[in-house]
Amino acid sequence: MCGIVGYIGKRNATEVILDGLKKLEYRGYDSSGIALSIADKLMVCKHKGRIVNLEEDLKNKNTESDLGIGHTRWATHGAPSDQNSHPHMCKEGKVAIVHNGIIENFVELRKWLSEDLGVVFKSETDSEVVAHLVSYYYKGDLLDAVYQAIDKMEGAYAIGVISSDEPDKMIAVRKDSPLIIGVGDGENIIASDIPAVLKYTKDVYLIENDEVVIVTKDNVTILDEERNEIERDIYKVTWDAEAAEKEGYEHFMLKEINEQPKGIKETLERRLDENDHIHLDGIKITKEELEKINKVYIVACGTAYHAGLIGKYAIEKFAKIQVEVDVASEFRYRDPMIDENTLFIAISQSGETLDTLAALREAKTKGARVLSIVNVVGSSVARDSHDVFYTWAGPEIAVASTKAYTTQLVSVYLIALYLAKVKNNISNNYYKELVKDLKEIPDLAQRLLSDTSKIKEVAERNYMSKNAFFIGRGTDVGVALEGSLKLKEISYIDSFAIAAGELKHGTIALIEDGTFLVALATQDGLYNKMLSNIQEVKARGAYVVGIAKEGNEEIEKQADEVMYIPHVRDELTPLLSVIPLQILSYHIAVLRECDVDKPKNLAKSVTVE
Ligand code: AGP
């Protein structure tokens, strides 16, 4: 997910484009760039890092222009670097493009362009093919060249194109990636999202799929695939930029919670072929090397560590390989037993968490094979690993991690099933059933998110609690820990999670009248055990909120209230059971008037020890 902006009109294009890009940084912020039409030439300036780097460099350049395109990047193909930043240009420097999305068939197109047409690529990106395709088809008509180029391309894209030969227009195209046009008086702006134009206009055209737009100072022409002109009503925006960045959600955390079905789907489906075989892209570890693996470490911090706990369960259950999970800040100083037959799995959303990075480097020096599960492409953890498995959660802005967690869970399930297949430790039937059920998770998560009113009510009845407890058994323990962390970090309620069977060994002493306690009972095999644990705490006066699968209503006799999740096999419940806990914490934090997206004392990425 990147952000594109383009401007043509009476103002200084540089200013409008930089403004717009800053408003789109929530879509990606690892590099940015701009292309300006100046004196019938195209001037491109692009840099790795936040937009300030670009602004810094533009300071000592002539940027007076009335036409330009810009981009802020969320790397997918090619790590963040000046070269991989957009805009990309053709060989002659006459065509410049910005792109948001993924050109699925870019490998073949790069091959054809370089081997048959002698194009020399400057970047590792999929996007650069667009610039060379448009240039190849350009015979004096930019619109025609763009149509011919998109005819060759497969995938998702929102593209902005300018040419030094036609400085009176820009061409924009939409297929599956968002595109809007901000309509002004003597000026028009193309952008990935509304926040980018709101400073200049509240009149926008919402561009539909497979539409191509010719944008000049005084006109916006929308065409369909057959180049027929389309009439479109202006949409008048009623909300402000901040709200738009959150796409109408009050907080980034709530937006990101609701983006989980999409993140899970993307992280899953890109790794499954039509026969449900798993392909771990970016993983170069061979079957022979995997066969030698006799120990797996999963090391991470915070929420990522909690995903690791489910990873241990999945790898031991499916692949029958022993797994040790550890918090990175401890792992790196305890001289762990590691050798060349050790697989070290690091999990990190940001890829910059110092403890995780240091633990990874420690393992590497001791000969381990390092595989990391990371959300930020090209981040330090990714760069220092032998193999990287990217989660496709998109940028996670809220400090409290939600969609990164569930995409990390999908990742550990996929890796566990892949290892199980390589090690031949899983029956075909069981494998097929698990993959089938995994593929149903995005819809089940969407169904769960479609009605969260009950969870909000539970929050309204408990948001004044001074402390809270989370209990569970089996994989529910890992989810209880995650639920407790979410509540702690955004509502500042003193919260504690523990394996339900451990309660009677001490912690139950803290349970008293009205103690707020969340009991996860999603494991069919441990359901009755959990019911008796709930009776234990009820006997001490706890106010119990149960989490159970639809259809398992026995718990209603024990708990004060129950939040249900769709029925799914025990092994996969963490992907769903965490969602009510995220939403519960969110509503409690809002009711306590906490700064949900930027909680006190916390940072999105902890780059210090
Ligand atoms: C989770 O909500 C927190 N933001 C924090 O615990 C986080 O998970 C931890 O700092 C690890 O971050 P990482 O995944 O970016 O490495």
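The values are calculated or read from the model by the stated rules, or taken from the named source; none is laboratory data. Here the structure is a predicted model, which means the values were calculated and not measured. Here the Cβ positions follow ideal geometry from the backbone for every residue, glycine too, while neighbour counts run over all protein chains shown. When the accessible area is computed, the model is the full protein with side chains, heavy atoms only, and any ligands, DNA or RNA have been set aside. Shrake-Rupley method; radii C 1.70, N 1.55, O 1.52, S 1.80 Å.
At a glance:
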{"quantity": "Residue within region 534-542 that is surrounded by 15 or more Cβ atoms within 10 Å (Cβ to Cβ), in contact (Cβ under 8 Å) with a residue 12 or more places away in the chain and of a type in the set (Lys, Arg) present", "calculated": "yes"}
{"quantity": "Val197 vs. criteria over 15 Å from Tyr7 (Cα atoms), over 24 Å from the mean Cα position of the chain (by Cα) and touching a residue at least 60 places away in the same chain (Cβ under 8 Å)", "calculated": "no"}
{"quantity": "Qualifying positions in region 255-307 - within 16 Å of the ligand (Cβ to nearest atom) and β-branched (Val, Ile, Thr)", "calculated": "Ile257, Thr267, Ile298, Val299, Thr303"}
{"quantity": "Cβ pairs under 9 Å, 6+ apart, first in region 290-309 and more than 22 Å from Glu340 (Cβ to Cβ), second more than 16 Å from the ligand (Cβ to nearest atom) and open to solvent by 10 Å² or more (accessible area, probe 1.4 Å)", "calculated": "Leu309/Val477"}
{"quantity": "One residue from Ser163, Ser192 being at pLDDT 95 or above and not aromatic (Phe, Trp, Tyr)", "calculated": "Ser163"}
{"quantity": "Tally, over region 458-485, of residues that are small (Gly, Ala, Ser) and surrounded by fewer than 21 Cβ atoms within 10 Å (Cβ to Cβ)", "calculated": "1"}
{"quantity": "Residue check, Gly28 in contact (Cβ under 8 Å) with a residue 60 or more places away in the chain and more than 22 Å from Val213 (Cβ to Cβ)", "calculated": "yes"}
{"quantity": "Identity of the residue in region 177-186, touching a Phe, Trp or Tyr at 6+ places or on another chain (Cβ under 7 Å) and either assigned to a strand (DSSP E or B) or modelled with pLDDT of 95 or more (or both), that ends up farthest from Thr216 (Cα to Cα)", "calculated": "Ile180"}
{"quantity": "Pairs where the first residue, in region 581-595, is surrounded by fewer than 24 Cβ atoms within 10 Å (Cβ to Cβ) and the second is among the polar types (S, T, N, Q) and at pLDDT 95 or above, C-beta under 8 Å, 6+ apart", "calculated": "Arg592/Ser491; Cys594/Ser491"}
{"quantity": "Scope region 403-439; condition touching a helix residue (DSSP H, G or I) at 6+ places or on another chain (Cβ under 9 Å), surrounded by fewer than 22 Cβ atoms within 10 Å (Cβ to Cβ) and at pLDDT 95 or above; matching residues", "calculated": "Ile426, Tyr430, Tyr431, Val435, Asp437, Lys439"}
{"quantity": "Selection count, region 95-148, where residues are within 23 Å of Gly68 (Cβ to Cβ), open to solvent by less than 40 Å² (accessible area, probe 1.4 Å) and in a loop (DSSP other than H, G, I, E, B)", "calculated": "4"}
{"quantity": "Tally of residues being on the phi < 0 side of the Ramachandran plot, in a loop (DSSP other than H, G, I, E, B) and surrounded by fewer than 16 Cβ atoms within 10 Å (Cβ to Cβ) across region 200-215", "calculated": "2"}
{"quantity": "Strands (runs of 3 or more DSSP E) contained entirely in region 281-374, each with at least 2 residues that are in contact with a Phe, Trp or Tyr (Cβ under 8 Å, 6 or more places away or on another chain), modelled with pLDDT of 95 or more and within 16 Å of Ser385 (Cβ to Cβ)", "calculated": "295-300, 342-348, 369-374"}
{"quantity": "In region 579-609, residue nearest to the ligand (Cβ to nearest atom) [restricted to those that are among the polar types (S, T, N, Q) and out of contact with any helix residue (DSSP H, G or I) (no Cβ under 7 Å at 6 or more places or on another chain)]", "calculated": "Ser605"}
{"quantity": "Filter pass, Glu226 being open to solvent by 20 Å² or more (accessible area, probe 1.4 Å), more than 16 Å from the ligand (Cβ to nearest atom), without any contact (Cβ under 8 Å) to a residue 24 or more places away in the chain and more than 30 Å from Asp437 (Cα to Cα)", "calculated": "yes"}
{"quantity": "Failed item, numbered, when Glu396 is tested on (1) crowded, with 24+ Cβ neighbours inside 10 Å; (2) part of a helix (DSSP H, G or I)", "calculated": "(2)"}
{"quantity": "Ile508 more than 16 Å from the ligand (Cβ to nearest atom), in contact with an Asp or Glu (Cβ under 9 Å, 6 or more places away or on another chain) and open to solvent by 10 Å² or more (accessible area, probe 1.4 Å)", "calculated": "yes"}
{"quantity": "Residue in region 151-171 that is crowded, with 16+ Cβ neighbours inside 10 Å and in a helix (DSSP H, G or I) present", "calculated": "yes"}
{"quantity": "Test result for Tyr305, open to solvent by 40 Å² or more (accessible area, probe 1.4 Å) and over 25 Å from Glu571 (Cβ atoms)", "calculated": "no"}
{"quantity": "Any chance Ala314 is surrounded by 24 or more Cβ atoms within 10 Å (Cβ to Cβ) and within 14 Å of the ligand (Cβ to nearest atom)", "calculated": "no"}
{"quantity": "Pick from region 421-442, criterion in contact with a Phe, Trp or Tyr (Cβ under 9 Å, 6 or more places away or on another chain) and in a helix (DSSP H, G or I), ranking: farthest from the ligand (Cβ to nearest atom)", "calculated": "Tyr430"}
{"quantity": "Restricting region 366-420 to residues that are among the charged types (D, E, K, R) and touching a strand residue (DSSP E or B) at 6+ places or on another chain (Cβ under 7 Å), the residue that is farthest from the ligand (Cβ to nearest atom)", "calculated": "Arg369"}
{"quantity": "Test: residue in region 245-256 that is small (Gly, Ala, Ser), without any contact (Cβ under 8 Å) to a residue 40 or more places away in the chain and assigned to a loop (DSSP other than H, G, I, E, B)", "calculated": "yes"}
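Every residue, every condition in (1) buried (at least 20 other Cβ atoms within 10 Å of the Cβ); (2) in contact with a Lys or Arg (Cβ under 9 Å, 6 or more places away or on another chain); (3) among the aliphatic types (A, V, I, L, M), yes or no:
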position	(1), (2), (3)
Gly351	yes, yes, no
Ala359	yes, yes, yes
Thr365	no, no, no
Arg369	yes, no, no
Ser372	yes, no, no
Val376	yes, no, yes
Ser380	yes, no, no
Asp384	no, yes, no
